[in-house]
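Written below as structure tokens is the structure these notes are about.
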Amino acid sequence: MTLDRTIARVTDRIRARSEDRRGLYLERLRKSVSDGPVRAHLACGNQAHAFAAMGEDKEALAEGRNPNIGIVTAYNDMLSAHQPFESYPGQIRAAARRAGATAQVAGGVPAMCDGVTQGQPGMELSLFSRDVIALAAGVAMSHNCFDAALYLGVCDKIVPGLIIAAATFGHVPSVFVPAGPMTSGLPNDEKSRIRNQFATGEVGRDALMAAEMASYHGPGTCTFYGTANTNQMLMEFMGLHLPGASFVNPGTELRSALTDAAVERAASITALGNDFRPVGEILDERAFVNGIVGLMATGGSTNLVLHLPAMARAAGVILDLQDFSDISDVVPLMAKVYPNGLADVNHFHAAGGLGYMIGQLIDAGLLHPDARTVAGDGLDLYRQEPKLKDGKLVWEAGARESLNDKILRPASAPFQKSGGLKQLTGNLGRGVIKVSAVAPERHIVEAPARVFHDQSEVKAAFKSGQFTSDTVVVVRFQGPRANGMPELHSLTPMLSVLQDRGLKVALVTDGRMSGASGKVPAAIHVSPEAADGGPLARLRDGDIVRLDAVAGTLTVMAEGFDSRELVVADLSANGHGIGRELFAAFRTHVGPATEGAALVV
């Protein structure tokens, strides 16, 4: 199948834009590769420190003839998605020995849960935790003892941070190892209904707590299609997981076998063997375009519109919002997974999952089939499905047809012809909107603005009954420089209630919304942010704002708008409490949302 013209054009544009940066990156990668296996350059004293506690593996490590695999783990048992990683190091070491290799935990990285910090001050550290994770993983890998790496992470900022680190150590072959989603609990639409009832006072906190506990009930990733599961999709589309590994539940024999296979594969792709696959060569413009295609085809999290540019820059690739928008225009929405539908990721996986989708998109010419992956050359490998046959892991041809067309459809007969992500431009700046779950009649909202500087002010206005007509709710000074760009997902229930009452409502913000946000139109990541002199700082209550997801515009219709004086907010409260003091340098040096809101170095 010939590559789609738009996909080819966007890829060529990214390649040309990135030529100098990517060229320098590859030059440095090849220099690191040419220096040879890393342990050969360590002095005896260096090695003795590194291997002192390794018991039965000590002799093999000292000889340096076999691959040594570094494990970077995001384990903690507060995150259900990461709790299964507790037992992985022992399993990985045993699998490495069977493969003629050794493995060491190189280091751990923090992993915070946006579900815990949602609407709380700790959310102001969330986006910056991505850079902390990259730094921590960099410290782990800096010991320079490893011929390959296994990265253990799942959730929102963890995978992007680990990718940034892996790209920085691009000469080291790297395999990403998932833990899988929890089994299905309370249906997501029922959870949403009870949240809305709580927002209006129809049910009490006891009913809300019971619903939440029934939804998030065991080990594994939350089952809705938010940022965590979008990350897992992305690792498969970009060729960094083994085929079919993303959505196998924790605690199953297949999950365990896939972890062992990841170890074996990492040991086989080092510079010591005949199939050397440094991760920096895999992370080229084709991989990132394939990732964006997957994002659009699945209706994935808008948070990845922030993370992918930051990840790509670490590998010398420069992405722009226009790339996302152009790809979205030609990639069909093939999946309906909550919040875009009623199904969860377990239902999606059972219907044919990523293997079916990847095969469909390759056949439609919408993916680069020649991209390199950790599993081998070519994305066709990811059509396959892992299975256990007589206790042995094998890969067989995946589903050729959807097993449930209410959840998963072919590229030729999708739910929507486009991926539902639009770039917005206008006199209020640049931003994005995800409309895959927004009803078509709500794709254009024109209404007076109500301007807030804190989400708690919005909640107070809602509780006091101030929203009685069509409204564009503007929450500004929520960008990375202002307060770390927190998600504003806790506003979703009340905005949904207003919409259900028949009002036309929309959110406009320089902050973020959750990967699980859905039916309320939201212009997010608006840049330049208000704290950096962006035009949102000129808005006043009553200004008529038009959010047009059809035309891709975000405008205010107010005479003399550009000459208004910028509002300056008191942001002193954002600088202390719950660890915010420690992140002052991040707020000062962070780049714009359009470039991934990454630290400027």
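Remarks
- Members of region 111-152 that are among the small types (Gly, Ala, Ser) and more than 30 Å from residue 268 (Cβ to Cβ): 115, 119, 122, 126, 129
Table: residues versus (1) in a helix (DSSP H, G or I); (2) crowded, with 24+ Cβ neighbours inside 10 Å.
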residue	(1), (2)
154	no, yes
225	no, yes
231	yes, yes
243	no, yes
260	yes, no
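- Qualifying residue in region 110-121 (condition: among the hydrophobic types (A, V, I, L, M, F, W, C), surrounded by 24 or more Cβ atoms within 10 Å (Cβ to Cβ) and over 21 Å from residue 179 (Cβ atoms)): no
- Neighbours by Cβ (under 8 Å, 6+ apart or cross-chain): first from region 1-12, surrounded by 11 or more Cβ atoms within 10 Å (Cβ to Cβ); second of a type in the set (Lys, Arg): 11/286
- Lone qualifier among 348, 288 - being assigned to a helix (DSSP H, G or I), closer than 23 Å to residue 439 by Cα and of a type outside the set (A, V, I, L, M): 348
- Taking region 92-117 as the range and being over 11 Å from residue 75 (Cα atoms), within 27 Å of the chain's Cα centre (by Cα) and not in a strand (DSSP E or B) as the test, the residues that pass are 92, 113, 114, 115, 116, 117.
- Considering residues of region 195-223 that are of a type in the set (Val, Ile, Thr) and part of a loop (DSSP other than H, G, I, E, B) only, the residue surrounded by the fewest Cβ atoms within 10 Å (Cβ to Cβ): 200
- Filter pass, residue 159 being in a strand (DSSP E or B) and of a type outside the set (D, E, K, R): no
- Residue match in region 366-388 (condition: surrounded by fewer than 20 Cβ atoms within 10 Å (Cβ to Cβ), hydrophobic (A, V, I, L, M, F, W, C) and closer than 30 Å to residue 278 by Cβ): yes
- Test: residue 488 is surrounded by fewer than 20 Cβ atoms within 10 Å (Cβ to Cβ), touching a Ser or Thr at 6+ places or on another chain (Cβ under 9 Å) and in the same structural domain as residue 538 (by TED's automatic domain parsing): no
- Yes/no for residue 105 being within 30 Å of residue 62 (Cβ to Cβ), surrounded by fewer than 20 Cβ atoms within 10 Å (Cβ to Cβ) and among the β-branched types (Val, Ile, Thr): yes
- Within region 57-77, one or more residues are outside any loop (DSSP other than H, G, I, E, B), among the hydroxyl-bearing types (Ser, Thr, Tyr) and either in contact with a Ser or Thr (Cβ under 9 Å, 6 or more places away or on another chain) or farther than 14 Å from residue 147 by Cα (or both).
- Among the candidates 564, 580, the residue that is farther than 23 Å from residue 422 by Cα and crowded, with 20+ Cβ neighbours inside 10 Å is uniquely 580.
Residues checked against (1) outside the structural domain of residue 300 (by TED's automatic domain parsing); (2) within 30 Å of residue 586 (Cα to Cα); (3) at pLDDT 95 or above; (4) in contact with an Asp or Glu (Cβ under 8 Å, 6 or more places away or on another chain):
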residue	(1), (2), (3), (4)
465	yes, no, yes, no
474	yes, yes, yes, no
503	yes, no, yes, yes
516	yes, yes, no, no
533	yes, yes, yes, no
538	yes, yes, yes, yes
547	yes, no, yes, yes
559	yes, no, no, no
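- Matching option when the condition is within 28 Å of residue 324 (Cα to Cα), more than 27 Å from the chain's Cα centre (by Cα) and buried (at least 17 other Cβ atoms within 10 Å of the Cβ), among 447, 437, 411: 447
- Test: residue in region 83-95 that is surrounded by 23 or more Cβ atoms within 10 Å (Cβ to Cβ), assigned by TED's automatic domain parsing to the domain that holds residue 269 and acidic (Asp, Glu): no
- The numbered conditions (1) at pLDDT below 85; (2) assigned by TED's automatic domain parsing to the domain that holds residue 86 are all true for residue 172 except (1).
- The conditions of being under 27 Å from residue 135 (Cα atoms), surrounded by fewer than 16 Cβ atoms within 10 Å (Cβ to Cβ) and out of contact with any helix residue (DSSP H, G or I) (no Cβ under 8 Å at 6 or more places or on another chain) are met by residue 573.
- Summed over region 313-354, residues that are closer than 13 Å to residue 289 by Cβ and free of Cβ contacts under 8 Å to residues at least 60 places away in the same chain total 0.
- Strands (runs of 3 or more DSSP E) wholly inside region 463-551 that include at least 1 residues being more than 26 Å from the chain's Cα centre (by Cα) and of a type outside the set (Phe, Trp, Tyr): 471-475, 505-509, 544-548
- Test: residue 556 is more than 25 Å from the chain's Cα centre (by Cα), touching a residue at least 24 places away in the same chain (Cβ under 8 Å) and part of a strand (DSSP E or B): yes
- Test for residue 247: is it modelled with pLDDT of 85 or more, among the hydrophobic types (A, V, I, L, M, F, W, C) and closer than 17 Å to residue 492 by Cβ: no
The values are calculated or read from the model by the stated rules, or taken from the named source; none is laboratory data. Keep in mind the model is a prediction, meaning the values are calculated, not measured. Heads up, the Cβs are rebuilt from the backbone with ideal geometry, glycines too, and the neighbour counts pull from every protein chain shown.
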